[in-house]
Every structure is written in structure tokens, then in C-alpha cells.
């Protein structure tokens, strides 16, 4: 039995956490130590694509845990080979490197692009990224990000990144020079408040990369694995990137990420990249279970329809409470509030039994499980309405 008197001060103070201690999860629901249930529309920041403790992932983990956990990254294992093959079959890429987090995958993408630039563009190393972007919390990923204030956190900042304006192709072209090797972006800027790239912008970036001989890198750590509708968000736009990173939803709750690249870009050699736990059989078994679920007939179609119901409900609440824009697609949405009271509304929603994220003071973000039911969507909207009635 978990003791609620357990001290919290042994955890480093790296996040603002509410007092509740969560002990169990069931699909779309989280249960705290007092047995109170919360409808969870954060889901680990889009990690739990099938909700908490999905049976398929639990079964895959149990079977693999009794078979083989971690042989060595210097040895082949069957789940890693199978998962790499499935991801390449389902995407426009040819090779995969597995890591443990989205930040690691993005670090790998940066390293791969820089090596490719050394081999094929006379040592070009600079990567054009975007203001308000979020690529992770390692030093290179932070430098690639455009989160305000991050450049002052852990100086000196890693060089080699130029910041353009999202959805502004001219601002990108202005930064292209002899040292440029790649353009890197999220198809939807999640941490910025769910800001989607337009198809015109994505297609323009592909054309710009082709014109100048640059690589196009899509960070799909949050948007991949069905979160925005198709299996990968770049598929909305009819383009083929050179490199893609995945994370979050790929493991359904366990830590796995992936760096995917075309054959033409895959220039790593033994010793260039590695990690003790990358591609271990346990997490790759979970990834295979997730891919099976996401690609089951009708699954993504149902997720899209329930996502549209969520969006319709958010628009209705926006009209009712005179709020702002509803942005997103699939099961990734944001609601602009028109005022800086998002944390108050998120707290009121939690009091009502709904967990939502406030990435900025002026907006809320919603990331329900992809297998949410129509009743769960309706119930969540009712709870959100109660919170907005207090502070909207």
C-alpha cells in the first residue's frame, strides 16, 4: 500500500506538480491515492496514445520481460529488427536508429545532418530552426529550440542554429548560406500552443531544400504515431522529408524514440552514435504492439472522427464563453482564451476531474488518447465547461 505521507522533497524541483499522487491508470483515466478518478487529456504530453496501461502494451511487455530485456546495443535483437522494418514500410524512410527520448532522437538527427554536411556539403553544419520551436532539453536540442529564455539558462549556448519565423518561407530563404546543411521543424509546434505548419509552407520548405541541396528534418516526437490524424503529420502535406524523429506515442508509455532517414542520408558508421539502452527488446516489443494497434483497420479513422467531435465541442465552448481560436487536428488541439488565465482554468478543470495542459498563460492544450470514446469526449467537454464557467 502506498503511503500518502511519503516525503516529496527528495525529488528535484524541476516541475510544478499538484499535491495529488497518482497510483493507477485505466485507459483515459488516472486514479490518485484517494481513489479519485480524473479524465486525463494530457496523457503524459501525448505519450499514452492508447491511454493508461493498455492491454496490448502490457501483454507485450510481460511476454518480452520474461524472454529478453537488454542483450547489448552491439548485438541484434528480434523486436528491434521487426520494429525498424515496420516503421520503414509505413513511412518514406529506409533506416532507423532507436533511442530513449525525443531529445535523444533529435540530437541524433542534428549529428546525422552535420556528418552528412561534412561529407557532401564541404563541412556545412548550420541548421535553420524556428522561433518558439521545442526539440528537447539536451544542450543541442535546446539550442535548436526557440523557446523564449532558454538561451540564457545554461550558457554558453551551442552554436550552429539560425532561427526563422514559422510559416514564413521568405524568412527561411534569407538565412540559407554556404554553411547551411538542413532545415528542422515540427509539423505542429506543440509547446508553442499547437501551431500547425501550412501545406504551402511545408511544400515550400521541401522545394527550398531541393533548390539548395539541403536536408529537411521533421521532428514528429509529438505529432507522429497518429496524433494529428495520419500516422505521421508530414503525410498531411504530400512531401518526403530526409530525416524524421519519433518519440512519445511510439512506446505507448515506455521510453523509446526513433531517428529515421533515407538511404541517401544515412551516413553514420560504427562508433558515430550509440546508447546503452537504445533499441532494447523490451521497449521495441511495446513499440510493435503500438504500431499494430495504430495500423489496425479503422483505428485512425475513428480517432480522427472523435478528434473532430472534440474540436467541434471546443469551438462551441469558445463561442459560449467568448474565447478565441481552436487550433489543431486529430487528437492534438489548443484553445485560445484571449486572456492570461489558462493556469486558473487548468486548476479548475482538475478540481472538476479533468486534466488539461496550459502551455502558455493564454491557451490550453488537449491530448486525449487516440482511442477515446464518444462518451469520454462529451464528458471531458462538460468538465471543461464547468471550469470555464468559473474563470472563462
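The values are calculated or read from the model by the stated rules, or taken from the named source; none is laboratory data. What you see is a predicted model, and the numbers here were worked out from it, not measured in a lab. Using ideal geometry, Cβ is built from the backbone for each residue, glycine included, and neighbour counts are taken over all protein chains shown.
Has segment 116-136 got at least one residue that is assigned by TED's automatic domain parsing to the domain that holds residue 278, closer than 26 Å to residue 370 by Cβ, in contact with a helix residue (DSSP H, G or I) (Cβ under 6 Å, 6 or more places away or on another chain) and part of a helix (DSSP H, G or I)? No: segment 116-136 contains no residue that is assigned by TED's automatic domain parsing to the domain that holds residue 278, closer than 26 Å to residue 370 by Cβ, in contact with a helix residue (DSSP H, G or I) (Cβ under 6 Å, 6 or more places away or on another chain) and part of a helix (DSSP H, G or I). Among the residues making up segment 363-378, those that are in a loop (DSSP other than H, G, I, E, B) and either free of Cβ contacts under 8 Å to residues at least 60 places away in the same chain or crowded, with 18+ Cβ neighbours inside 10 Å (or both) are 367, 368, 369, 370, 371, 372. For segment 46-70, the tally of residues that are more than 25 Å from residue 190 (Cα to Cα) and buried (at least 23 other Cβ atoms within 10 Å of the Cβ) stands at 2. Of all positions in segment 271-286, none carries a residue that is out of contact with any helix residue (DSSP H, G or I) (no Cβ under 9 Å at 6 or more places or on another chain) and surrounded by 15 or more Cβ atoms within 10 Å (Cβ to Cβ). For segment 232-252, a tally of residues being closer than 23 Å to residue 64 by Cβ and out of contact with any strand residue (DSSP E or B) (no Cβ under 7 Å at 6 or more places or on another chain) returns 4. Take the conditions (1) modelled with pLDDT of 95 or more; (2) surrounded by fewer than 21 Cβ atoms within 10 Å (Cβ to Cβ); (3) in contact with a helix residue (DSSP H, G or I) (Cβ under 6 Å, 6 or more places away or on another chain); residue 157 misses just one of them, which is (1).
Residues of segment 198-229 that are surrounded by fewer than 24 Cβ atoms within 10 Å (Cβ to Cβ) and under 22 Å from residue 359 (Cα atoms): 198, 229.
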